[in-house]
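The values are calculated or read from the model by the stated rules, or taken from the named source; none is laboratory data. These numbers were taken from a predicted model, which means no experiment stands behind them. All Cβ positions, even for glycine, are placed from backbone atoms using ideal geometry, and neighbour counts span all protein chains on display. Quick note on the areas: whole protein, heavy atoms, side chains included, nothing else; ligands and nucleic acids left out. Shrake-Rupley method; radii C 1.70, N 1.55, O 1.52, S 1.80 Å.
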Amino acid sequence: QLQASGGGLAQAGSSLRLSCLASGHTFSFYDMGWFRQTPGKEREFVAAISWNGARIYYGDSVKGRFTVSRDNAKNSVFLQMTSLKPEDTAVYYCAAAGGLGGSAWYRASSYNYWGQGTQVTVSS
């Protein structure tokens with residue numbers, strides 16, 4: 001089970017930090033991803049990190065502003081979001097997958113486990 005938290009209302013230019021806590025399963029050896037979704041649109045890839053943190057990927061729209069990290073001892077993954085923009089407004093989901101490679105990192109269908117999502121709203 002994955003539980004995302006840390007969302008809320010933020011002003012443009014400010015920062016938020018999302019957390020994803022895994023419980024009931026050891027996710028230390030899973031690759032983890034963050035996606036976001038707005039009404040009527042498909043889930044958009046935001047960031048991903050390999051099980052050991054050696055590989056990190058970002059979506060083009062968040063590169064240079066968001067940072068993904070993980071703490072396997074705490075079964076947690078984080079998404080530090082800075083310089084927030086109104087277009088970052090979405091429900092953010094964390095997800096887990098085993099053994100990702102190539103373009104699979106970027107596809108929501110590659111991930112087996114999903115959290116319930118946390119709303120991020122950025123006002124201008």
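Here are a few things to note about the model shown:
- Filter result for residue 45 (modelled with pLDDT of 95 or more, crowded, with 17+ Cβ neighbours inside 10 Å and closer than 15 Å to residue 111 by Cα): yes
- Candidates are the residues of the stretch 67-124 that are touching a residue at least 40 places away in the same chain (Cβ under 8 Å) and among the β-branched types (Val, Ile, Thr); the one that is nearest to residue 12 (Cα to Cα) is 122.
- Qualifying residue in the stretch 101-115 (condition: closer than 24 Å to residue 1 by Cβ, within 12 Å of the chain's Cα centre (by Cα), in a strand (DSSP E or B) and among the small types (Gly, Ala, Ser)): yes
- Residues of the stretch 30-42 satisfying the condition of being open to solvent by 60 Å² or more (accessible area, probe 1.4 Å) and either part of a strand (DSSP E or B) or touching a residue at least 12 places away in the same chain (Cβ under 8 Å) (or both): 42
- Qualifying positions in the stretch 7-29 - at pLDDT 95 or above, assigned to a loop (DSSP other than H, G, I, E, B) and under 28 Å from residue 103 (Cβ atoms): 7
- The listed residue being touching a Ser or Thr at 6+ places or on another chain (Cβ under 6 Å), closer than 18 Å to residue 16 by Cα and either at pLDDT below 95 or outside any helix (DSSP H, G or I) (or both), out of 122, 68, 77: 122
- Total residues in the stretch 69-110, condition in contact with a Leu (Cβ under 8 Å, 6 or more places away or on another chain) and open to solvent by less than 20 Å² (accessible area, probe 1.4 Å): 8
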